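A.B. asks: Provided herewith is a single structure, encoded as structure tokens, for subsequent inquiry.
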Amino acid sequence: MSKKALITGITGQDGSYLTEFLLKKKYKVHGLVRRVALEDKSHRLWRLRHVLNKITLHPGSLESYASLVKLIQKIKPDEVYHLGAQSYVDYSFKDEFSTLNTNMNGTHYILSALKEFLPSARFYFAGSSEMFGKVREVPQTEKTPFYPRSVYGISKVAGYDLTRNYREAYNMYCCSGILFNHESPRRGFEFVTRKITHAVARIKFGIQKDLKLGNIDAKRDWGHAKDYVEAMWLMLNKKKPEDYVISTGKQYSVRDFVKLAFSLVDLDYKKYVKIDKKLYRPSEVKSLLGDCRKAKRELKWKQKYTFKKLVEDMVKSDLDFVKKQGY
Ligand code: NAP
Ligand code: G4F
């Protein structure tokens, strides 16, 4: 019989790739979506358009314990991938309370509902390298202490601790992936990589003059989302639940990303990029670099995309996007 998966955050970048991945593995895929998404399918479900007839979407809310209990009782999933979150770090400085509420309580409600009604289900929590924040060591491993620098990071540390505690206290199969930045043509437009590749295409087609950015000296360990969703599944399909760092082990600055993206369309980024101090964060995470040797060894996880292939994929896709949509 096919396994059943429940994905929160199914409409997002990772949710859509994970859906494709699980469908290929013959899972029955269910997703929790906000009611507004079902009312505005053409906009809010754009990443899932091509698989909508193969999955089941359920309206619900991460803010309501009762709605999560109902969903878990109705679906009885074998695996729960909890990806739903206010995921934009910069926004978490502007709306601290709802970020903490959705990200921390949403995680707690699901864990608690599983404990009461379906303790056999396997649970994945979308942890983040933002938990390392002001990094205590380089590179960061599963043992590196956390030092979050935003409410977003704090909410993810809380989710990570809740997940670990449910595993230890109630003997449930719960684990966290500590995923470093991962991007793709399906990345939201507010994140720096997509902001850059979209702007590169618009500038190339003459519909945008320049690109305003904040701290382009920030460094990240950037992978491709397609590679990273596979790691989530591997974590839920082991004998024992454990937490894993997922990263590439290579670091580039935002400036490196910009330079490469512009060069792919034969433009010099220096002519177009303007630094806007208003885009700097109150407390920045300057540098992240992951050590994913544990995942390689124990999960046999391998990434396929290099940094160059990732940037090429995103620029090419945004050139097509702007050509077709005209914006
Ligand atoms: P994303 O594209 O921003 O997707 C976030 C998802 O969460 C969307 O489906 C969104 O639904 C949903 N969501 C947000 N607020 C919600 C709420 N109040 N109730 C229900 N659903 C809500 O994020 P992503 O890049 O796919 O990331 C997936 C997860 O991994 C997130 O938890 C993120 O924090 C974490 N993470 C991401 C990265 C990365 O580099 N991408 C790295 C580490 C960890 P709507 O479509 O309705 O807004
Ligand atoms: O693309 P970003 O907004 O991603 P950030 O803050 O690293 O967070 C992403 O990765 C985390 C994993 O480490 C996830 F947990 C999280 O959900 C999200 O997916 O910013 C990347 C860097 C930052 O240092 C930022 O200050 O780019 C810098 N930056 C410079 N100019 C900018 C801009 N970021 C954005 N979004 N927009 C700019 O104009």
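The values are calculated or read from the model by the stated rules, or taken from the named source; none is laboratory data. Just so we're clear, the structure is a prediction, and the values are computed from it rather than from any experiment. Positions of Cβ are generated from backbone atoms using ideal geometry, with glycine treated the same way; all protein chains shown enter the neighbour counts.
A.B. asks: Kindly indicate whether residue 244 is crowded, with 21+ Cβ neighbours inside 10 Å and closer than 22 Å to residue 318 by Cβ.
C.D. replies: The answer is no for residue 244.
A.B. asks: Quick check: anything in the stretch 65-79 part of a strand (DSSP E or B) and under 19 Å from the mean Cα position of the chain (by Cα)?
C.D. replies: So far as the stretch 65-79 goes, yes, one or more of its residues are part of a strand (DSSP E or B) and under 19 Å from the mean Cα position of the chain (by Cα).
A.B. asks: Kindly indicate whether residue 247 is among the hydroxyl-bearing types (Ser, Thr, Tyr) and within 10 Å of ligand 2 (Cβ to nearest atom).
C.D. replies: In short, yes.
A.B. asks: Residue 138 - would you say it is surrounded by fewer than 18 Cβ atoms within 10 Å (Cβ to Cβ) and aliphatic (A, V, I, L, M)? First the steps, then the outcome.
C.D. replies: Details: surrounded by fewer than 18 Cβ atoms within 10 Å (Cβ to Cβ): yes; aliphatic (A, V, I, L, M): yes.
Here the answer is yes, as residue 138 does meet what is asked.
A.B. asks: Here's something else I'd like to know. Only one of (1) crowded, with 22+ Cβ neighbours inside 10 Å; (2) of a type outside the set (Val, Ile, Thr); (3) out of contact with any Pro (no Cβ under 9 Å at 6 or more places or on another chain) fails for residue 150. Which number is that?
C.D. replies: Single failed check for residue 150: (3).
A.B. asks: So, in the stretch 80-98, exactly how many residues are part of a loop (DSSP other than H, G, I, E, B) and hydrophobic (A, V, I, L, M, F, W, C)?
C.D. replies: 2
A.B. asks: Sticking with this one: Keeping to the stretch 6-36, report how many residues are over 17 Å from residue 230 (Cβ atoms) and surrounded by fewer than 18 Cβ atoms within 10 Å (Cβ to Cβ).
C.D. replies: 3
A.B. asks: A follow-up question, please. Name the pairs: first residue in the stretch 70-88 and of a type in the set (A, V, I, L, M, F, W, C), second residue within 15 Å of ligand 2 (Cβ to nearest atom), Cβ to Cβ under 6 Å, at least 6 apart or on different chains?
C.D. replies: 83/8; 83/9; 83/14; 83/15; 83/126; 85/103
A.B. asks: More than 16 Å from ligand 1 (Cβ to nearest atom) and not assigned by TED's automatic domain parsing to the domain that holds residue 156: does that describe residue 194? So that I can check it myself, show each step before the final result.
C.D. replies: Details: more than 16 Å from ligand 1 (Cβ to nearest atom): no; not assigned by TED's automatic domain parsing to the domain that holds residue 156: yes.
The answer is no for residue 194.
A.B. asks: Separate question: Please go through the stretch 257-268 and pick out each residue that is without any contact (Cβ under 8 Å) to a residue 24 or more places away in the chain and farther than 14 Å from residue 195 by Cα. Let's see the steps before the verdict.
C.D. replies: Filtering the stretch 257-268 for residues without any contact (Cβ under 8 Å) to a residue 24 or more places away in the chain gives 259, 263, 266, 268.
Scanning the stretch 257-268 gives 263, 266, 268.
A.B. asks: I'm trying to understand the selection: among the residues of the stretch 258-288, which are in a strand (DSSP E or B) and either in contact with a helix residue (DSSP H, G or I) (Cβ under 9 Å, 6 or more places away or on another chain) or within 23 Å of residue 95 (Cβ to Cβ) (or both)?
C.D. replies: 273
A.B. asks: Surrounded by fewer than 18 Cβ atoms within 10 Å (Cβ to Cβ), over 23 Å from residue 46 (Cβ atoms) and among the basic types (Lys, Arg): which single residue out of 220, 255 fits that description?
C.D. replies: Within the list 220, 255, the selection yields 255.
A.B. asks: Among the candidates 201, 218, single out the residue that is within 15 Å of ligand 2 (Cβ to nearest atom) and among the aliphatic types (A, V, I, L, M).
C.D. replies: Numbers: 201 fails: within 15 Å of ligand 2 (Cβ to nearest atom).
Checking each option against the conditions leaves just 218.
A.B. asks: Then there is this: Every residue in the stretch 134-161 that is away from ligand 2 (no atom under 12 Å from the Cβ), farther than 26 Å from residue 112 by Cα and under 19 Å from the mean Cα position of the chain (by Cα), please.
C.D. replies: Selection gives 141 alone.
A.B. asks: Related question: Residue 135: of a type outside the set (Gly, Ala, Ser), assigned to a loop (DSSP other than H, G, I, E, B) and more than 10 Å from ligand 1 (Cβ to nearest atom), yes or no?
C.D. replies: For residue 135, the condition - of a type outside the set (Gly, Ala, Ser), assigned to a loop (DSSP other than H, G, I, E, B) and more than 10 Å from ligand 1 (Cβ to nearest atom) - is met.
A.B. asks: Let me ask something else about it. Would you point out the residue of the stretch 51-74, among those that are among the hydrophobic types (A, V, I, L, M, F, W, C), surrounded by 18 or more Cβ atoms within 10 Å (Cβ to Cβ) and closer than 20 Å to residue 102 by Cβ, that is nearest to ligand 1 (Cβ to nearest atom)? Even if it seems obvious, please write down each step before you answer.
C.D. replies: Step one: list which residues in the stretch 51-74 are among the hydrophobic types (A, V, I, L, M, F, W, C), which gives 51-52, 55, 57, 62, 66, 68-69, 71-72.
Retained after the next criterion (residues that are surrounded by 18 or more Cβ atoms within 10 Å (Cβ to Cβ)): 55, 57, 62, 68-69, 71-72.
Restricting the remaining residues to those that are closer than 20 Å to residue 102 by Cβ gives 57, 62, 68-69, 71-72.
Details: 57: 11, 62: 4, 68: 10, 69: 15, 71: 12, 72: 15 Å.
Selected residue: 62.
A.B. asks: Return the residues of the stretch 11-52 that are within 16 Å of ligand 2 (Cβ to nearest atom) and in contact with a helix residue (DSSP H, G or I) (Cβ under 6 Å, 6 or more places away or on another chain); say none if nothing qualifies. I'd like the intermediate steps shown before the answer.
C.D. replies: Pass one, the stretch 11-52, residues within 16 Å of ligand 2 (Cβ to nearest atom): 11-18, 47.
Of everything in the stretch 11-52, those that are within 16 Å of ligand 2 (Cβ to nearest atom) and in contact with a helix residue (DSSP H, G or I) (Cβ under 6 Å, 6 or more places away or on another chain) turn out to be 11, 13, 14, 17, 18, 47.
A.B. asks: Looking only at the stretch 290-304, count how many residues are in contact with a helix residue (DSSP H, G or I) (Cβ under 9 Å, 6 or more places away or on another chain), within 16 Å of ligand 2 (Cβ to nearest atom) and either part of a loop (DSSP other than H, G, I, E, B) or over 18 Å from residue 232 (Cβ atoms) (or both).
C.D. replies: Adding up the residues that qualify gives 2.
A.B. asks: When you check residue 48 against the structure, is it more than 8 Å from ligand 1 (Cβ to nearest atom), in contact (Cβ under 8 Å) with a residue 60 or more places away in the chain and either surrounded by 14 or more Cβ atoms within 10 Å (Cβ to Cβ) or of a type in the set (Ser, Thr, Tyr) (or both), yes or no?
C.D. replies: No: the conditions fail for residue 48.
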